[in-house]
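The values are calculated or read from the model by the stated rules, or taken from the named source; none is laboratory data. Quick caveat: nothing in here was measured; it's all calculated off a predicted structure. Here the Cβ is made from the backbone with ideal geometry for all residues, glycine too, and neighbour counts use every protein chain on show.
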C-alpha cells in the first residue's frame, strides 16, 4: 500500500478505525481480532483507537486493550504499526461526555500507556474540545506530554481552523494531525483539509463512509456513486474512499469495520483510478 506522512512517520494511505469493535453492536473478540489482522495483512500500518471506545464507564479502555491483544497475537510484523489513541471524551455510565482539563488528559494518557503496553504513545490526540475548559489549556497538556516523552506526536480531533491555529501556537508548531469527519456526504471538513495541507499536518478523515449504519447503504442512497462503482466493478464504498484520497496528499481515511471482508475491500481504494469526469461528479454533489 502507498504511504502518507504523519509528522515524521510514514503510514499506510488508508488506516483502520477500531471503534466499531468496541461500541454497541461489536463482534465477539475472535472476529474483532481477525478484522484487525485482516487490516494488517492488507498493509494497514495506522490503527486509530480511544479510551472511550467502550460500552460504558465500566468498560472504559476496551478498544485499547483489544488493539494491544490483536497486535501482540499478530507478531513482529506489527512492529511498524502506528497506534493513535485519544483522550478527553469520557463515559459517564453509558452516556458520552467531555473532559478537557489538563489533569484529566494527563491521567488519561498514562492510563492509555498502561493499556497499550508502551512507554510512549505514537500519536495522542485531544478527542473533543471541552466547552468548559479553554482550548489552549487542554492543548497545553499535550505539550507537556510531548516534553515528558510520554507521547511521540500530538494531534487534535473535531477542531475547526480557528482551534487548529490555537493548537499550533500552543504546541510551538508540533501539531502532527487533525482528525475530523469527512466523506462524500459530510463535506464540512474540506476547509480544514486545505488549512492542514498548507502546514504539513496530516488530516485523518473519520467516518469516511458516512458513519455507523450508513456505510452499507451508501450506493442505494447515492445512485451516482453506485454508477461509478459499477463502471469499475467495485463497491461504492471503495469509490468513496478513492475520492477522499484525491482530495489532498495529507488526507488519510480511517474506515471502520466489524468483519475482515469489509476492511479488506476498503484498503483496495488506493488502487482505484477515478476519471476526471467521475471526480467532477463526486465533487459536485452537495449533501442536504
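So residue 215 fits all but one of (1) under 30 Å from residue 70 (Cα atoms); (2) surrounded by fewer than 21 Cβ atoms within 10 Å (Cβ to Cβ); what number is the exception?
It is condition (2) that residue 215 fails.
Restricting attention to segment 102-115, and to residues there that are in contact (Cβ under 8 Å) with a residue 40 or more places away in the chain and surrounded by fewer than 21 Cβ atoms within 10 Å (Cβ to Cβ), which single residue is nearest to residue 130 (Cα to Cα)?
Checking each candidate, the answer is 102.
State all residues of segment 72-117 that are modelled with pLDDT under 95 and over 23 Å from residue 23 (Cα atoms); if no residue qualifies, say none.
75, 76, 77, 78, 79, 80, listed by residue number.
So, of the residues in segment 54-71 that are touching a strand residue (DSSP E or B) at 6+ places or on another chain (Cβ under 8 Å) and either part of a loop (DSSP other than H, G, I, E, B) or at pLDDT below 95 (or both), which turns out to be nearest to residue 139 (Cα to Cα)?
Restricting to residues being touching a strand residue (DSSP E or B) at 6+ places or on another chain (Cβ under 8 Å) and either part of a loop (DSSP other than H, G, I, E, B) or at pLDDT below 95 (or both), the top hit is 60.
Find the helices (runs of 4 or more DSSP H) located wholly in segment 120-224 whose residues include 2 or more that are touching a strand residue (DSSP E or B) at 6+ places or on another chain (Cβ under 9 Å), and list them.
Working: elements: 135-147, 161-170, 190-197, 218-221.
Filter on segment 120-224 gives 135-147, 161-170, 190-197.
Name the one entry in 186, 194 that is farther than 28 Å from residue 121 by Cα and touching a residue at least 12 places away in the same chain (Cβ under 8 Å). Step through it out loud before you land on a result.
Details: 194 fails: farther than 28 Å from residue 121 by Cα.
Result of the check over 186, 194: 186.
For the list (1) closer than 22 Å to residue 31 by Cβ; (2) modelled with pLDDT of 95 or more, I need the number of the one condition that residue 245 fails.
So residue 245 meets the others, but not (1).
Which residues, counting only those in segment 22-53, are touching a strand residue (DSSP E or B) at 6+ places or on another chain (Cβ under 8 Å) and buried (at least 18 other Cβ atoms within 10 Å of the Cβ)?
Once the filter is applied, which keeps residues that are touching a strand residue (DSSP E or B) at 6+ places or on another chain (Cβ under 8 Å) and buried (at least 18 other Cβ atoms within 10 Å of the Cβ), segment 22-53 yields 36, 39, 44, 45, 46, 47, 48, 49, 50, 51, 52.
So, in segment 54-92, of the ones that are touching a residue at least 12 places away in the same chain (Cβ under 8 Å) and out of contact with any helix residue (DSSP H, G or I) (no Cβ under 9 Å at 6 or more places or on another chain), which residue ends up surrounded by the most Cβ atoms within 10 Å (Cβ to Cβ)?
84
Suppose we filter segment 227-253 for residues that are surrounded by fewer than 17 Cβ atoms within 10 Å (Cβ to Cβ) and within 25 Å of the chain's Cα centre (by Cα); how many remain?
3
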